[in-house]
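> Take this structure first; my questions come after.
Each value in this text was obtained by applying a stated rule to the coordinates, not by laboratory testing. As the structure is a computational prediction, the values presented were derived from the model and not from experiment. A quick note on method: Cβ atoms are made from the backbone with ideal geometry, for glycine too, and the neighbour counts reach across all protein chains shown.
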Amino acid sequence: MCGVDLPERHRHTLDEQREDLLCVCRACALLFERDDAGRGRYRLVPTERRRLPEVSPRDLGIPVSLAFVVTRKDGTAIAHYPSAAGATRWEIDTEAWRTVLRGCPQLAAGLTPGVRALLVNAARGHHETWIVPIDDCYRLVALIHREWKGLSGGDTVWPAIEEFFAGLQEGSPHG
């Protein structure tokens, strides 16, 4: 944001008008700690993670087993599927989303539009559901894009995804 060189571990802000993440130094991150500091344009991405009871992709009405869900200010939700080509979007049915929120009060209380997402991993026998900073989701997208080989993903993508999830720790800051 300000142009200084950044360390590998740094924070992000969401440009809400462009729906784009911006890397920020520690000083810039401190400027955006208060919710109103970005004047409705920039929002600091939080760092905390929280593990939740299982939410099934089937309950969300999405046809894949690995996805993240981002809410909008109007309460609607968009699922994103990480893939070799990036993230594919899927609009979640409003009633299905409301049903999921009623069934998991921690989810309703933990999401922040645009910057905190629901991350669901039901692939290959896993049952993991997290509320995570949105930049964790984009790190997962980049990892899958980088590791995917051929039509089925190859030998390295699934171990890399498992390592990503093993590295998530509740309450921990990310980098």
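> Set Lys and Arg Cβ to +1 and Asp and Glu Cβ to -1, take the dipole of the range 16-63 about its Cα centre, and tell me which of Gln17, Ala29, Pro46 lies farthest positive.
Going by the charge dipole, the pick is Ala29.
> Determine ³J(HN,Hα), in whole Hz, for all residues of the range 145-156 in sequence, where each value follows from phi through the Karplus function 6.51 cos²θ - 1.76 cosθ + 1.60 and θ = phi - 60°; x replaces Gly and Pro.
The phi angles translate into 4, 6, 8, 5, 10, x, 7, 9, x, x, 8, 9 Hz.
> What residues have an amide H closer than 5 Å to that of Cys25, excluding those fewer than 5 places away on the same chain, when H is modeled at 1.01 Å from N in the peptide plane?
Those lying under 5 Å, H to H, from Cys25 are Cys2.
> Let me know the charge dipole size of the chain about its Cα centre in debye, to the nearest 20, where only the beta-carbon of Lys, Arg (+1) and Asp, Glu (-1) is charged.
Around 220 debye, computed over the chain.
> Right, next: So what's the gap between the Cα centers of the range 74-141 and the range 146-162, to the nearest angstrom?
Taking the Cα centre of the range 146-162 as reference, the centre of the range 74-141 is 21 Å away.
> Starting from 0.36 nm per residue, how many nanometres of slack lie between Glu162 and Ala27 once their C-alpha separation is accounted for?
Answer, rounded to one decimal: 45.2 nm.
> While we're here: Using amide H atoms built in the peptide plane, which far-off residues or other-chain residues are under 5 Å from Leu44 H to H?
Leu14
> Ranked highest first by the average count of other Cβ atoms within 10 Å around their residues, in what order do 8-21, 79-92, 147-160 fall?
Put in order of decreasing packing, that is 79-92, 8-21, 147-160.
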